[in-house]
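Report on one structure; see the data block that follows.
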Amino acid sequence: MKRDINQVIFSRMRPERKKEIIESLDLTELLSLKQDTIKRIIKEVGNRMYQSRNKELRLLDTFRTGNKWDSTIESWCIMKGKIYIDFYVQYENTDTNISDTFDNFIRRGEYLGQIHRDDRHGNPRTYYFTYNEADKARAIRYLLTDYVYKKYGDKLKEGL
């Protein structure tokens, strides 16, 4: 019997069991994670950004994942009520961080991120990075797992 992760993640259940459930979720279940669930996760274990009401959940190094090519998701944020994802992107001659909304990231199909920068000769260029459905699902799985470790780390039998 499949469980709704939007309910399971906050239920009164052993952290080890939550971890097992997260690991057993398939692509469709992971991509059905609700924005309210993500907001609650960020609010519970994230940190305040600057002197504002905005919060950021910077992922542990173990749970940073990406498209296995040129980018990594470093954090999830709530800014002015919207969820943003912070990407670390490597391209031609340097690297940078760029954010995009969760709405853009989670849309059906491949996510196509863009960076507009000048190349090493000063010519304007657009650099792209992509996430397929499996990459997106893995990012959500790692977000959920990061939450369990940060929330219940002292109760988990095994470390990172």
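Could you go through region 97-119 and let me know if any residue there is among the aliphatic types (A, V, I, L, M) and more than 24 Å from Asp146 (Cα to Cα). There is at least one residue in region 97-119 that is among the aliphatic types (A, V, I, L, M) and more than 24 Å from Asp146 (Cα to Cα). Identify all residues within region 80-93 that are within 15 Å of Leu57 (Cβ to Cβ) and either open to solvent by 70 Å² or more (accessible area, probe 1.4 Å) or in contact with a Lys or Arg (Cβ under 6 Å, 6 or more places away or on another chain) (or both); write none if there are none. If the condition is that a residue be within 15 Å of Leu57 (Cβ to Cβ) and either open to solvent by 70 Å² or more (accessible area, probe 1.4 Å) or in contact with a Lys or Arg (Cβ under 6 Å, 6 or more places away or on another chain) (or both), then Lys82 is the only one that fits. Scanning region 94-118 for residues that are among the small types (Gly, Ala, Ser) and in a strand (DSSP E or B), we see that the one that is least open to solvent (accessible area, probe 1.4 Å) is Gly113.
Could you tell me which residue of region 9-30 is most open to solvent (accessible area, probe 1.4 Å), considering only residues that are hydrophobic (A, V, I, L, M, F, W, C) and either within 23 Å of Lys55 (Cβ to Cβ) or in contact with a Ser or Thr (Cβ under 7 Å, 6 or more places away or on another chain) (or both)?
The initial filter retains those residues of region 9-30 that are hydrophobic (A, V, I, L, M, F, W, C), namely 9-10, 13, 21-22, 25, 27, 30.
Keeping just the survivors that are either within 23 Å of Lys55 (Cβ to Cβ) or in contact with a Ser or Thr (Cβ under 7 Å, 6 or more places away or on another chain) (or both) gives 9-10, 22, 30.
Working: Ile9: 1, Phe10: 44, Ile22: 1, Leu30: 1 Å².
Filtering region 9-30 for residues that are hydrophobic (A, V, I, L, M, F, W, C) and either within 23 Å of Lys55 (Cβ to Cβ) or in contact with a Ser or Thr (Cβ under 7 Å, 6 or more places away or on another chain) (or both), the one most open to solvent (accessible area, probe 1.4 Å) comes out as Phe10.
Residues of region 60-73 include at least one that is under 16 Å from Lys136 (Cβ atoms) and surrounded by fewer than 16 Cβ atoms within 10 Å (Cβ to Cβ). Within region 14-31, the only residue that satisfies the criterion of being under 14 Å from the mean Cα position of the chain (by Cα) and either farther than 14 Å from Thr145 by Cβ or small (Gly, Ala, Ser) (or both) is Leu31. Here region 127-149 is the region considered, the condition is being of a type outside the set (A, V, I, L, M, F, W, C), open to solvent by less than 10 Å² (accessible area, probe 1.4 Å) and part of a helix (DSSP H, G or I), and the residue that is farthest from Glu44 (Cα to Cα) is Lys136.
Here Tyr50 meets each of (1) closer than 26 Å to Val8 by Cα; (2) open to solvent by 20 Å² or more (accessible area, probe 1.4 Å); (3) among the aromatic types (Phe, Trp, Tyr) with one exception, condition (1).
The values are calculated or read from the model by the stated rules, or taken from the named source; none is laboratory data. As the structure is a prediction and not an experimental result, all values here were calculated from the model. All Cβ positions, even for glycine, are placed from backbone atoms using ideal geometry, and neighbour counts span all protein chains on display. What goes into the accessible areas is simple: the full protein's heavy atoms, side chains included, and nothing from ligands, DNA or RNA. Shrake-Rupley method; radii C 1.70, N 1.55, O 1.52, S 1.80 Å.
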